[in-house]
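Below is one structure; the comments refer to it alone.
The values are calculated or read from the model by the stated rules, or taken from the named source; none is laboratory data. These figures come from a predicted structure and were not determined experimentally. Glycine gets a Cβ as well: all are built from the backbone with ideal geometry, and neighbour counts include every protein chain shown.
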Amino acid sequence: MKEDSKRVVIIGGGVAGSLVAKSLQFHAHVTLVDPKEYFEITWASLRSMVEPSFAERSVINHRDYLINGDIITSNAANVTETEVVTANGRRIVYDYLVIATGHEDRVPISRSGRLDKFKEDNQKIKSAHSILIIGGGPTGVELAGEIAVDFPDKKITLVHKGSRLLEFIGAKAGDKSLKWLKSKNVVVKLEQSVDLNASTDGQKIYQTSNGETIEADCHFLCIGKPLSSAWLNETVLKNDLDVQGRIKVDEKLRVNGRSNIFAIGDITDIPQLCWGKCPKSLNSETKELKQGFLAQQQANVVVNNLKVIIEGRRECKMETYKPHSALAIVSLGRKEAVAQFPFLTVIGRIPGLIKSRDLFVGKTRKQMGLNPDIEIILT
Ligand SMILES: Cc1cc2nc3c(=O)[nH]c(=O)nc-3n(C[C@H](O)[C@H](O)[C@H](O)COP(=O)(O)OP(=O)(O)OC[C@H]3O[C@@H](n4cnc5c(N)ncnc54)[C@H](O)[C@@H]3O)c2cc1C
């Protein structure tokens, strides 16, 4: 790297940030700030709970793909016009900053700790006769599907406070997955919540808001996690957050009004389908779904745009990010899935063929410059 290399600091080593770090490592002096030592392919985490060895490929040390850059294992705590301050007291000067802090997640710091956590969850599933899943969004539905397919003898109850499953996409997808789960003997209770303060694992009796009792040997909490943007509240970017705490960006994915700070992934407030004036059929407040494959596309746009700036090319060469319609595939065990495409919602083996066997892990590893398959050494 030349001494006058531009300094790019990336905050957040998740789906979006790690891809930017990997892609820019030979174009700039890259520093990645992340509280964990690894990048995790999040959509493989539920399979890893029923098959812990699956995580050997989906939990990847940052150093495996970022061979030419600095890694700081800490949370970012503050950002100024020129530097990032980390929770462990480091000050990192930047020329360009990329914020990709997604959602808050309390996970182990080290890769081996994360792999152990999957083994622990797997043991919890194996030793239980009955399992309660709290939350009927994509995480709860996918976890119920994984357990129902791999452990058909377990008694699974899924409790969801909404009136239908998979509320982040259309009603058809929710109805189809409800039918599928019922066909696998999963008991689904809608419009109810569970008071976890009144129960702990091993207690066996859980109380719902409707006064029902559910017997279960253990539970898994699968509810949405908060955005990781509260740390920006007292920074120079505090006025760039919307009321939900999402960062406002322009169509080049720069934080509004700034030429050297970008934001990507779940943390952004990108509208669904259109910037500015929307067609009447769409509410201008509707935001793009928070999806990993979109975070990856946003990362690629920012990589291109940073290369344009760093190489001193004209601004018109910068790429515009084109928001997407609501497209999603939710896996249902190892072979099936429910998929919402723009004009069609389907369930079964065909959408399952797209996602459910490998969960895009090989594809994602390849994108990170890694071998899609690795030899798993069993100890
Ligand atoms: C169980 C599950 C299943 C999913 N399935 C799918 C799927 O099938 N398809 C799909 O497209 N999407 C899926 N998603 C959504 C997808 O994972 C997210 O959209 C994607 O991870 C967003 O990427 P991101 O980089 O914005 O955030 P993340 O991947 O959440 O990464 C954020 C990173 O920022 C770090 N961080 C947080 N705060 C700080 C801070 N203060 N300082 C420094 N670093 C910080 C975190 O440690 C993390 O590494 C799934 C999500 C989950 C949880």
note = Checked V361, V308 against criteria (out of contact with any strand residue (DSSP E or B) (no Cβ under 7 Å at 6 or more places or on another chain), within 18 Å of E56 (Cβ to Cβ), β-branched (V, I, T) and buried (at least 16 other Cβ atoms within 10 Å of the Cβ)); the one match is V361
query = For segment 271-284, does any single residue satisfy the condition of being surrounded by fewer than 18 Cβ atoms within 10 Å (Cβ to Cβ), within 15 Å of the ligand (Cβ to nearest atom), under 19 Å from the mean Cα position of the chain (by Cα) and modelled with pLDDT of 90 or more?
reply = no
inquiry  = Given the criterion polar (S, T, N, Q) and either within 18 Å of I99 (Cα to Cα) or part of a strand (DSSP E or B) (or both), identify the matching residue among N304, N371.
reply    = N304
note = Counted residues in segment 320-335 being touching a residue at least 40 places away in the same chain (Cβ under 8 Å), in contact with a strand residue (DSSP E or B) (Cβ under 8 Å, 6 or more places away or on another chain) and part of a loop (DSSP other than H, G, I, E, B) come to 2
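One line per residue, one yes/no per condition, for (1) of a type in the set (F, W, Y); (2) in contact with a Cys (Cβ under 9 Å, 6 or more places away or on another chain); (3) within 16 Å of the ligand (Cβ to nearest atom):
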{"position": "E81", "(1), (2), (3)": "no, no, no"}
{"position": "V84", "(1), (2), (3)": "no, no, yes"}
{"position": "L97", "(1), (2), (3)": "no, no, yes"}
{"position": "V107", "(1), (2), (3)": "no, no, yes"}
{"position": "D116", "(1), (2), (3)": "no, no, no"}
{"position": "K119", "(1), (2), (3)": "no, no, no"}
{"position": "I125", "(1), (2), (3)": "no, yes, yes"}
{"position": "H129", "(1), (2), (3)": "no, no, no"}
remark   = Among the residues of segment 61-79, the number that are among the basic types (K, R) and within 12 Å of the ligand (Cβ to nearest atom) is 0
message = Here are the criteria: (1) assigned to a helix (DSSP H, G or I); (2) under 22 Å from S48 (Cα atoms); (3) not basic (K, R). Tell me which single one V338 does not satisfy.
response = (1)
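The rows are residues; the columns are (1) in contact (Cβ under 8 Å) with a residue 24 or more places away in the chain; (2) near the ligand (Cβ under 8 Å from one of its atoms); (3) in a helix (DSSP H, G or I).
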site: D4; (1), (2), (3): no, no, no
site: G13; (1), (2), (3): yes, yes, no
site: F54; (1), (2), (3): yes, no, yes
site: N88; (1), (2), (3): no, no, no
site: I92; (1), (2), (3): yes, no, no
key: Failed condition for S58, given (1) surrounded by fewer than 22 Cβ atoms within 10 Å (Cβ to Cβ); (2) more than 10 Å from the ligand (Cβ to nearest atom); (3) more than 26 Å from K307 (Cα to Cα); (4) hydroxyl-bearing (S, T, Y)   = (1)
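For (1) among the hydroxyl-bearing types (S, T, Y); (2) assigned to a helix (DSSP H, G or I); (3) within 14 Å of S177 (Cα to Cα), each residue gets a yes or a no:
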site	(1), (2), (3)
K124	no, yes, no
D153	no, no, no
I156	no, no, no
G162	no, no, no
L165	no, no, yes
ask   = List pairs: first in segment 344-370 and within 18 Å of F54 (Cα to Cα), second away from the ligand (no atom under 13 Å from the Cβ) and assigned to a strand (DSSP E or B), Cβ under 8 Å, 6+ apart or cross-chain?
value = G352/E336; S356/E336
